[in-house]
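Asker: Before I ask anything, here is the structure I am working with.
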Amino acid sequence: MSSDERTAKPRRLPRRPASSLSEHWTRIDGLDVFYREAPGPPGAPTMMHVHGFGLSGRYLLPTAERLVDTFHTLVPDLPGFGRSGGSPRGLDVPDLALAALRFLDDRGVEKATLVGNSMGCPVILEFAHHYPDRIDRAVLVSPAGGAYNRPMTRAVLQLAKDGGREPVRMVRVAVPDYLRFGVASTVIMFDALTNYPSLERLLELSVPTLVVIGDRDPLMPDPERVRQLAAETDNHVVIVRLEGAAHAINFSEPDELAPLIKRFMADRPMVEGASASQRSFEIHRSRHLPTTRE
């Protein structure tokens, strides 16, 4: 235990746990960091879930809970988000990637698979760019940021349209997080996120990467355009389109997303068989990815 942890004022946990994952506080670089954790089976590989813009890790829990039987699961609130303390100057994408690294250091994790949604995807891309020896695989769900979400008025309209496509219960999760995050932090983080070179980082990835995009996500380009961009360069990416899905797939579509993640991690086909109810379709696969096995 560090001196910061010994001298810091104890922080309260939520009155009611939001999931089956245990809830904890730790202290990293002088900041209180709230996180949720499930140990998984003995020897399980670690999987860390990285939340989106203005939100906490709470909305990632539906998918995370469905993976605890296979992975050592970590769901932190990054500094400045959710219940975690924030830096007075605010944080940008490289800062958040470093914070994710320091969190893994704090938890004694040498290497992990990172699963992100929205803003969490650029954070993972930056993490993989600077700390490639600390990431096993990446799962990028509805990656946001870059020119497609500029200017802010366009992003606000995209978010408003998406809000009408998400389950109503998402409001109870998102609104308290957005209010806690605040207007000033929103402006600073929006500028950092939309100026981050997400596409360039994605196309240079050298770890196996699963990208999942919904065909009703107003914050993302058309899935076919995403496929075309991925096909133009040498990469390590498989892209899956999820029909009928909007932006917050980790929250709204856990029964579709969790099996996709498990199949990706096991190098199994992303789509098993075909049926009239099938919603997931692989639209791009890199030649560098491990050969799938039935």
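Asker: Looking at the structure I just gave you, is residue 136 part of a helix (DSSP H, G or I), of a type in the set (Asp, Glu) and surrounded by fewer than 22 Cβ atoms within 10 Å (Cβ to Cβ)?
Answerer: Numbers: part of a helix (DSSP H, G or I): no; of a type in the set (Asp, Glu): yes; surrounded by fewer than 22 Cβ atoms within 10 Å (Cβ to Cβ): yes.
No; evaluated as a whole, the condition is false for this residue.
Asker: Next up: Given the options 112, 160, 100, 138, name the one that is at pLDDT below 95 and at negative phi. I'd like the intermediate steps shown before the answer.
Answerer: On the way: 112 fails: at pLDDT below 95; 100 fails: at pLDDT below 95; 138 fails: at pLDDT below 95.
Every option except 160 fails the conditions.
Asker: Pull up segment 151-179, narrow it to residues that are among the charged types (D, E, K, R) and in contact (Cβ under 8 Å) with a residue 24 or more places away in the chain, then point me to the one that is farthest from residue 214 (Cα to Cα). Break it down stepwise before answering.
Answerer: Within segment 151-179, the subset among the charged types (D, E, K, R) is 154, 161-162, 165-166, 169, 172, 177.
If we keep only those that are in contact (Cβ under 8 Å) with a residue 24 or more places away in the chain as well, we get 161-162, 165-166, 177.
Working: 161: 14, 162: 11, 165: 11, 166: 12, 177: 23 Å.
If we take residues in segment 151-179 being among the charged types (D, E, K, R) and in contact (Cβ under 8 Å) with a residue 24 or more places away in the chain, then 177 is farthest from residue 214 (Cα to Cα).
Asker: Those residues that are closer than 14 Å to residue 281 by Cβ and touching a His at 6+ places or on another chain (Cβ under 8 Å), I need them from segment 227-257; list them, please.
Answerer: 227, 238, 239
Residue-by-condition table, conditions (1) acidic (Asp, Glu); (2) in a loop (DSSP other than H, G, I, E, B); (3) more than 21 Å from residue 60 (Cβ to Cβ):
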{"residue": "143", "(1), (2), (3)": "no, yes, no"}
{"residue": "148", "(1), (2), (3)": "no, no, yes"}
{"residue": "159", "(1), (2), (3)": "no, no, no"}
{"residue": "162", "(1), (2), (3)": "yes, no, no"}
{"residue": "166", "(1), (2), (3)": "yes, yes, no"}
{"residue": "174", "(1), (2), (3)": "no, no, no"}
{"residue": "179", "(1), (2), (3)": "no, no, no"}
{"residue": "186", "(1), (2), (3)": "no, no, no"}
{"residue": "210", "(1), (2), (3)": "no, no, no"}
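Asker: Which residue out of 192, 246 is at pLDDT 85 or above and either part of a loop (DSSP other than H, G, I, E, B) or of a type in the set (S, T, N, Q) (or both)?
Answerer: Only one candidate passes the filter, namely 246.
Asker: For residues that are outside any helix (DSSP H, G or I) and surrounded by fewer than 16 Cβ atoms within 10 Å (Cβ to Cβ), scanning just segment 249-267, find the one that is modelled with the lowest pLDDT. Show your work before the answer.
Answerer: Taking segment 249-267 and keeping what is outside any helix (DSSP H, G or I), we get 253, 266-267.
Applying the additional criterion that residues be surrounded by fewer than 16 Cβ atoms within 10 Å (Cβ to Cβ) yields 266-267.
Values: 266: 93, 267: 90.
Among them, the one singled out is 267.
Asker: Would you please name the residue that is farthest from residue 238 (Cα to Cα), looking only at residues in segment 189-209 that are more than 17 Å from the chain's Cα centre (by Cα) and among the polar types (S, T, N, Q)?
Answerer: Ranking the candidates gives 195 first.
The values are calculated or read from the model by the stated rules, or taken from the named source; none is laboratory data. Quantities reported herein were computed from a predicted structural model and do not represent experimental measurements. We place every Cβ from the backbone using ideal geometry, glycine too, and count neighbours over all the protein chains shown.
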